[in-house]
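These notes are about the structure you will find just below.
The values are calculated or read from the model by the stated rules, or taken from the named source; none is laboratory data. As the structure is a computational prediction, the values presented were derived from the model and not from experiment. All Cβ positions, glycine included, derive from the backbone under ideal geometry; neighbour counts span all protein chains shown. Protein only, heavy atoms only, side chains kept; ligands, DNA and RNA dropped before computing areas. Shrake-Rupley method; radii C 1.70, N 1.55, O 1.52, S 1.80 Å.
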Amino acid sequence: LVRLAPCAGELARAEALGVGGTRDEDDDDDDDDRGAHAVRRRAFFATNVIGAVGAMCAGLENAAEAFEDVPKDYARLARDVVDALTKSLEYDAANAGASPGERYKFAEPAKAAVKAYIAYGTGNGPTSVSATTSYADITEALRELSSFYKKNGATAQMASDTRERILAKLNEARESLPPPEPTIMDKLFAIGVTPSAE
């Protein structure tokens with residue numbers, strides 16, 4: 001799941017910026033208007049940063065409740081297989097005139113993702129994923145995919161109704177899986193900080 005613990009650290013760091021604090025710098029020099037203005041500006045910025053970080057953390061916590069609690073490795077492999085199969089099926093739909101060799105080549109990443117996913121298995125004990133919605137959806141999608149090609153051949157053009165059923169299952173699995181953990185860049189953009197290019 002999305003890790004929420006770092007949010008506390010982000011809040012602490014925001015409060016520790018040289019933009020906040022409890023010291024009332026206005027009292028240091030009441031006659032220095034420029035200093036007072038700078039303090040107010042920094043305090044305003046600090047308040048907004050802390051508020052934005054807090055809102056982001058609350059949003060992540062609410063979103064996390066809707067996702068499955070599954071091992072990180074499984075979530076990564078499941079997202080990979082869902083994304084790769086979706087791209088392959090969408091390519092197949094948009095390129096009906098492509099040769100079997102072209103479709104086969106484009107499907108290579110999906111085959112590799114499926115192989116890695118199957119190699120993971122279902123886990124054991126408390127880490128088992130066999131009872132999860134995503135596992136059931138992906139299994140059903142792979143079963144229907146396999147059944148179609150066994151019946152029609154590896155180079156057959158997939159029927160649109162079959163493709164749509166498989167895509168629907170993959171989409172359901174995607175919605176159940178936790179998203180990738182946010183990168184540092186994701187966190188910066190989430191609080192409205194745009195890193196300057198140097």
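Which of the peptides 73-82, 174-183, 144-153 is most tightly packed, and how do the rest follow, going by the mean number of other Cβ atoms within 10 Å of each residue? Show your work: numbers first, answer last.
Numbers: 73-82: 20.4, 174-183: 16.0, 144-153: 12.8.
My ranking of the peptides, most packed first, is 73-82, 174-183, 144-153.
Check cross-link reach from residue 111 to the lysines: straight Cα distance under 22 Å, and skip same-chain residues fewer than eight apart.
Straight-distance partners of residue 111: 72, 87, 150, 151, 169.
Using the per-residue mean of other Cβ atoms lying within 10 Å as a proxy for protection, in what order, highest first, do the peptides 102-111, 134-143 fall?
Going by the mean number of other Cβ atoms within 10 Å, highest first, we get 134-143, 102-111.
Might you tell me the accessible area per residue for region 67-180, computed with a 1.4 Å probe and given in Å²? Could the numbers behind the result be given before it?
Working: 6350 Å² over 114 residues.
Using a 1.4 Å probe on heavy atoms only, each residue of region 67-180 averages 56 Å².
5 Å is the cut-off here: which amide hydrogens, built 1.01 Å from N in the peptide plane, fall below it relative to residue 132, excluding neighbours closer than 5 in sequence?
Hits under the 5 Å cutoff: none.
Tabulate in residue order the Karplus-calculated ³J(HN,Hα) for region 90-96, using 6.51 cos²θ - 1.76 cosθ + 1.60 with θ = phi - 60°, rounded to whole Hz; enter x for Gly and Pro.
So the Karplus estimates, Gly and Pro as x, are 5, 4, 4, 5, 7, 10, 4 Hz.
For residue 70, which sequence-distant residues (separation of 5 or more, or a different chain) have an amide H within less than 5 Å of its own amide H, given hydrogens modelled in the peptide plane?
Counting only residues 5 or more places away or on other chains, the set is empty.
What does the charge count around residue 118 come to, taking other residues whose C-beta lies under 14 Å from its C-beta (Lys +1, Arg +1, Asp -1, Glu -1)? Before the final figure, lay out the partial values.
Numbers: positive: 111, 115, 143; negative: 73, 80.
Charge balance in the 14 Å sphere: +1.
What number comes out for the charge environment of residue 163, summing +1 per Lys or Arg and -1 per Asp or Glu over other residues with Cβ under 13 Å away?
Numbers: positive: 87, 103, 165, 169; negative: 90, 92, 144, 161, 164.
That sum, taken over residues with Cβ under 13 Å, equals -1.
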